Amino acid sequence: MTRTDSDPAVSRQSSATQRRWRWTRAVGAGLFDALLPKTCVACDRHWADRGGILCDDCTTRIEQLRATPYCGRCGRSMSTLAIRTYDCPQCMHERHWNVRRLVRVGPYAAPLRDMLISLKYHGEHRTAVACGRGLAAAIKTEPWSSEIDLFVPVPMHYWRRLQRPCNHADALAEVVSRLLQIPLRRAAVHRPTYAPSQTQARSRAERFEHVKGSFAPTRKPGVSGKRVCIIDNVVVTGATLHEVSKVLRKSGASKVFAAVFARAPMPGDLRFINPKAANAGSDPAA
């Protein structure tokens, strides 16, 4: 008899393999850090404090970015005077914002930008931990954080996964889930359709077209009646969050929130507090 993915024995074996791999990766990363000189995960410079993973300068800049006021629905940086209770003048007319609330660590600028690029293209475990800690701390400040039943990372197509050193949204969600002691549900949504990278999109419309219909529910989403929080690394237009949220709602999720590490700047956004940090680079995704 041929076993399928729904066979409990196969599922247990797969889960055990994933746990062993995560444990091995964590131990290996710890040994690597112990043997080599410490460098900041954001700027990659050596610094004297061997107890942390961010240097003092980057820590200060991140705190400045975290203090930038933003809309709790779309994540855009703006003056507190422009932020309304549930939206802002920018997103109040954008119907695609189908998540209840959105939280972020800060705008997509150095050093947050550098941390995400390192995670996305180098897959460093220390960077995932640093980003996950920052995102978990941001989520905890939200009054709706106590409502979350499950975290769901934005899934990656298997072909894209072969092109990346890690699934960055999954790596973030794993750290956040562990720190906040809220279950992680990877099997809620999958991505059966391969789409071009969002970094190749030339317009807002192309971003939405790239991901339209790219996500689908699994056979057993496990989100019916649950209050779910989507985890992703960065948001630009909100196209990806819109599509994933649609799938979760169709699967029965009662509420859908979103948590992203950074929000890419948009026309009309408030200028960053730290001018040097506003030197945003390329490659904002989704």
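Of LEU119, MET78, LEU150, which is farthest on the positive side of the dipole of the stretch 65-156, counting Cα position, with +1 on Lys and Arg Cβ, -1 on Asp and Glu Cβ, and the Cα centre as origin?
Farthest towards the positive end: MET78.
What is the local net charge at LEU179, summed over the other residues whose Cβ is closer than 12 Å to its Cβ (Lys, Arg +1; Asp, Glu -1)?
+2
Do the alpha carbons of any pairs in LYS220/LYS250; LYS220/LYS246; LYS140/LYS250; LYS212/LYS246 sit beyond 19 Å of each other, and which pairs?
Among LYS220/LYS250; LYS220/LYS246; LYS140/LYS250; LYS212/LYS246, the Cα-Cα distance tops 19 Å for LYS140/LYS250.
What ratio of Cα Rg to 2.2 N^0.38 Å holds for the stretch 108-256? Don't skip to the end; give the middle numbers.
Details: Rg = 14.8 Å, N = 149, 2.2 N^0.38 = 14.7 Å.
Here the Cα radius of gyration is 1.01 times the empirical estimate.
Read-outs: derived from the displayed coordinates by stated rules, not from any lab. These figures come from a predicted structure and were not determined experimentally. We place every Cβ from the backbone using ideal geometry, glycine too, and count neighbours over all the protein chains shown.
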